[in-house]
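Data first, discussion second: the structure below is written as structure tokens.
The values are calculated or read from the model by the stated rules, or taken from the named source; none is laboratory data. All values reported here derive from a predicted model rather than from experimental measurement. Neighbour counts are summed over all protein chains in view; Cβ atoms, including those assigned to glycine, are modelled from backbone coordinates with ideal geometry. The accessibility values were calculated without ligands, DNA or RNA, using every heavy atom of the protein model including side chains. Shrake-Rupley method; radii C 1.70, N 1.55, O 1.52, S 1.80 Å.
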Amino acid sequence: MPQEKIRIAIIGAGIGGLTLSTALKAMGMDQKLEINIYEASSQVSEIGAGIGFWPRGWDIFKTLGLEESLLKIVPRPPNDNLYTVFHVRKADQSEGAYVRDIQSIGGIATMHRADLQNVLVKHSNSRIHLSHRLVSFDEGDEIYLHFENGTIATCDFLVGMDGIKSVVRRFLLLNRGLVNSPSLYPVCSGYMTYRALIPAEALRKTFPGHRALTNQMLHVITFPVAQNTLINFAAIITDLSTVGTSYDGPTTVPCSHEEIESLFTEWEDEVKAMIGLIEKPTRWVIRTLMPMDKYASGRVVIGGDAAHAMTPFLGNGAGRAVEDAYILASLLSEGLYSKDALVKIAEIYSNICCPAGNDLIEKSMRAGRILQMVAPDFKDAEEGDAIIPPENLVEFFEQYDKGLDMFGKGRAEKDRNRALEKLRSSQ
């Protein structure tokens, strides 16, 4: 008689959830597991524009057999060479000033979020249930999932990859009795961003030789996506008075062209040229999570933004979600001999991924202070001011540069191997 399959439920069909499903298939576990993905939206789609992956994340994609498909959607994959990742300019003045280049081993692979999601869907073998918004769950012999549409489903192991407003995280904490946990809900980070996609050809006609057409820039954050046909544009505004405060309004809203234009009236012409071509700008409130003490309880785990939503200043939020998924899939692949092993797998996953996620939250916040020039040494500087001496500015960006070493030189295999060693020693 064939052995009954263990049922895995993944909440969220974003990058983290789909990578977990893809990894389990690549490791042959889709034949041993019943995997269901539950997505709140009526279609599988990513909000956002460009996304990037450092060599750590790219190596995972290669291991999972995705390289051939991804090479069709990235301008250049990471490798072992030293690349200029961003050209840093101080652009909040009519005559912008070059600061320095940010370099990293391997560079960063940029792509459109929707293109990546399509690749992951094609390589996933899980059943995706659309219009299934989780509202609560109960953990007993089975885990009962209650959805907004009235559906009740059951599983043996629950994975919350359901984003910064994660229902799984909230109930995981409440079920542990942590009713006053600061991690129950996301908080403001002190930053807002204006985002848009700009047609590259329109920019080329308006401003021939514009640096954003070929370079990744850090005056505002720009980089080419969609086979260089679009320019990802993100302009971040700082208001540190909001740090740690709650925010109940919509986090992404359309805004007028006049609103974004008014913020950059004194900036250099390259920035103004891009803003002039934006047709449908959106304003995003950047929120983050307070660090947690663990990502697991019983047979329930969380990962991705549900566990460690962070500011975007290191460009590794999605990369960390991919690492979470890879490590969890590896533990399930090697250690899942029975349902009894699920609690131990969850515990080891948390022991490895929780400290890494918390560390990245903190490092990303520190990086934001540098990129937005709000570190203590810049406390008296106003927009448009010259930073004197200029060497101070170069020095601060050198600190940011060094912070990228862990993405270019480090590899996720080290944490995966640590997780598997813990698993083997516990058996």
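Relative to the Cα centre, what is the charge dipole magnitude of the stretch 187-288, using +1 at the beta carbon of each Lys and Arg, -1 at the beta carbon of each Asp and Glu, and rounding to the nearest 20 debye?
Numbers: 8 positive and 11 negative charges, 72 e Å.
Magnitude of the dipole: close to 340 debye.
For the peptides 268-276, 220-228, what is the packing order when you average, over each peptide's residues, the other Cβ atoms within 10 Å and list the highest mean first?
Details: 268-276: 18.8, 220-228: 20.4.
Highest to lowest by the protection proxy: 220-228, 268-276.
For the chain, what are Rg and Dmax over the alpha carbons, in angstrom?
21.9, 77
Using the Kirkwood radius over Cα pairs, work out the Stokes-Einstein diffusion coefficient for the stretch 75-130 at 10 °C and 1.306 mPa s, in µm²/s as a whole number. Write down the numbers at each step before the final one.
Working: Rh = 14.6 Å.
So the translational diffusion coefficient is about 109 µm²/s.
Two decimals is fine: what is log10 I(q)/I(0) at q = 0.11, 0.14, 0.19, 0.24 Å⁻¹ for the stretch 1-118, from a Debye sum with one equal scatterer on every Cα and no solvent?
-0.52, -0.75, -1.07, -1.34
Quick one: if the Förster radius is 51 Å, what FRET efficiency do Ser94 and Asn351 give, using the C-beta to C-beta distance and rounding to 0.05? If you can, show how the numbers build up before the last one.
Values: r = 53 Å, r/R0 = 1.03.
The formula returns an efficiency of 0.45 here.
Could you work out how far helix 412-426 tilts from the main Cα principal axis of the chain, as a 0 to 90 degree angle to the nearest 10?
Its long axis makes an angle of about 20 degrees.
When you take every Cα atom in the stretch 187-288, what is the radius of gyration, and what is Dmax, the widest Cα pair distance, in Å?
14.3, 44
When only the heavy atoms of the protein chains count and the probe is 1.4 Å, how do Thr229, Thr311 rank by accessible area, highest first?
Thr229, Thr311
How large is the dipole of the chain about the Cα centre if only Lys and Arg carry +1 and Asp and Glu carry -1, each at its Cβ, rounded to the nearest 20 debye?
Taking the Cα centre of the chain as origin, the dipole is about 1160 debye.
Three principal axis extents, largest first, for the C-alpha atoms of the stretch 257-334, in Å?
Result, largest extent first: 55, 23, 20 Å.
Thr265 versus Gln31, label points 7 Å from Cα toward the beta carbon: distance in nm?
6.7 nm
What FRET efficiency, computed as 1/(1 + (r/R0)^6) with R0 = 51 Å and r the Cβ-Cβ distance, is obtained for Thr151 and Glu258, rounded to the nearest 0.05?
Working: r = 45 Å, r/R0 = 0.87.
It comes to 0.70.
Under Stokes-Einstein, with the Kirkwood radius over Cα pairs standing in for Rh, what whole-number D in µm²/s applies to the stretch 122-208 at 37 °C and 0.692 mPa s?
Approximately 196 µm²/s, per Stokes-Einstein.
What order, most packed first, do the peptides 363-372, 142-151 have when packing is the mean number of other Cβ atoms within 10 Å of each residue?
The most tightly packed comes first, giving 363-372, 142-151.
At a 1.4 Å probe radius, carbon and sulfur cover how many percent of the accessible area of the stretch 257-354?
Using a 1.4 Å probe with all protein chains present, the stretch 257-354 comes out at 48 percent carbon and sulfur.
So for each of 234-243, 159-168 I average, over its residues, the number of other beta carbons within 10 Å; can you give me the resulting order with the highest mean first?
Highest to lowest by the protection proxy: 159-168, 234-243.
Could you calculate the contour length gain from Val343 to Arg127, that is, 0.36 nm times the residue separation minus the distance between their Cα atoms, to one decimal place in nm?
75.4 nm
Calculated FRET efficiency, Leu71 and Ala202, Cβ-Cβ r, R0 25 Å, to nearest 0.05?
The pair Leu71/Ala202 has a calculated efficiency of 0.40.
Can you tell me the relative contact order of the chain? Whole percent, Cα pairs under 8 Å, sequence separation 6 or more.
After rounding, I find 20 percent.
Let me check something: with ligands and nucleic acids excluded, how do Tyr247, Tyr191 order by accessible area (1.4 Å probe), largest to smallest? Working shown, then result.
On the way: Tyr247 75, Tyr191 5 Å².
Highest to lowest solvent-accessible surface, that is Tyr247, Tyr191.
Given springs between every Cα pair under 10 Å in a Gaussian network model of the chain, which of Gln216, Gln103, Gln31 has the largest fluctuation?
Fluctuation is largest for Gln31.
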